[in-house]
1. Please report the orientation-averaged projected area of region 59-182, defined via the convex hull of its C-alpha atoms, in nm².
2. Assuming 0.36 nm per residue, please report the length gained on full extension of the stretch residue 88 to residue 15 beyond their Cα-Cα distance.
3. For the chain, what is the relative contact order in percent, using Cα pairs closer than 8 Å and at least 6 residues apart in sequence?
4. Rounding to the nearest 10 and keeping the result within 0 to 90°, find how far the Cα-based axis of helix 3-14 lies from the longest principal axis of the chain.
5. Using a Förster distance of 22 Å, how high is the FRET efficiency between residue 167 and residue 312, based on the Cβ-Cβ distance and rounded to 0.05?
6. Compute the Rg to Rh ratio over region 143-185 from the alpha carbon atoms, using the Kirkwood formula for Rh, and round to two decimal places.
7. Provide, for the chain, the number of lysine pairs with alpha carbons under 29 Å apart, each pair being eight or more places apart or on different chains.
8. List the extent of the Cα atoms of region 3-53 along each of their three principal axes, largest first, rounded to whole Å.
Amino acid sequence: MKIHQKIGNWLERRWIAPAYAGGLLTFLSLFFFGAATNTMAGWLYVISGTSFALLAIAAVLPVRSLKPLEVHRRPIEPVSVGNQLTIELEIDNRSDQPKTLLQVYDQLPSIFGKSATAIETLAPRSAYHWVYYLPTQRRGVYHWEQVQLRTATPLGLFWCRRSREAKATAIVYPTVLPLTTCPLVDQMGWEQNQQVLDRSQYNMATEGVTRTLRPYRYGDPTRLIHWRSSARYNQLRVRELEVATGGQEIVICLDSGSSWQSDNFEQAVIAAASLYFYASRSQLNVQLWTAQTGLVRGNRVVLSTLAAVNASEEAIVENFPNIPVIWLTQNSPSIFSLASGSRWVLWSEQADIGAKNLSQFPQLGLQINRDQPLQLQLQSSLK
């Protein structure tokens, strides 16, 4: 931005800044006043005096025009990456006079670009409802506070810009992949269920057994299909298990306290969200762990946590789960410290660690290749 633009913006925000016509009229007024003092011609004094009076009126009115205006913002509903944020603002005219020729600028974060609208006339004691939409390309939690009002009414000689506080928080959730199967979660859920069965001995068991059969719904894991009943009714039937099945505890841990490559970390966030919702659809008791928040559960809470998470964030929570977990990391040595029965998903800086090196890890897991679709890799068998 050039120096004269910076000066103009500074004047607009704190007082007024002359428009081109205002600057030209100011120069002509000074010229006529100088000529009048040299020639002592009365008509030159009249012209210069009238011009100065017009400039004074044009300088005062824009400031007064913006004073009674108030801005209110409606809450912004969260969306997923790829969808549009809906932004709603109301500009209220609290005065008994109409307001004309207004420009409104929402001071958005730089990632969203710029957004502005023009209001030709705002009637007395009324409000202008402004709705616009922002495309989203990256997850995150975005904050901004200011809306700027700008006008040069009524003569267009001087611009005046004033800010109004209208705090906004926009949450963009990460993408959730529609996994149809996931051995990573299915095997952990099966192992957890076997442990529950062994402990309860199933003498008088009413938990962990089939409660009823229902028609298959899209997204149900194939391991719950009751094939004998499906053949009898000529329709896929799915087992609904008792409460103990929901007690199978799976913790998805995102290694957000370590350093990551940017693209790898974004893939890891998508994987964490996809695994969480797949496990939830499978009627498993699933939680999410990050270095800063610790354990969280609930769809909205998990999505909000993943929207805000960053790599290399400060670990303010040290209670790492001392149970088998699904560990999402780029730091391969951390896999050796996991509890027995854990699973891992590894984003390696190397193109391929190799089957020999993978066999050194004490647990099974997945190595993610950035050149292949993430959804297909999460649905593949463990190595």
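1. So the mean shadow area of the Cα hull is 8.5 nm².
2. 23.4 nm
3. Across the chain, relative contact order equals 13 percent.
4. Tilt relative to the chain: about 90 degrees.
5. Rounded to the nearest 0.05, the efficiency is 0.20.
6. Reported Rg/Rh, Kirkwood definition of Rh: 1.52.
7. For the chain, the number of qualifying lysine pairs is 12.
8. 39, 19, 15
Bear in mind that the values in this text are calculations on the coordinates, not laboratory data. Remember, it's a predicted structure, so these values are computed and weren't measured experimentally. Note that each Cβ is placed from the backbone with ideal geometry, even for glycine, and that neighbours are counted across all protein chains shown.
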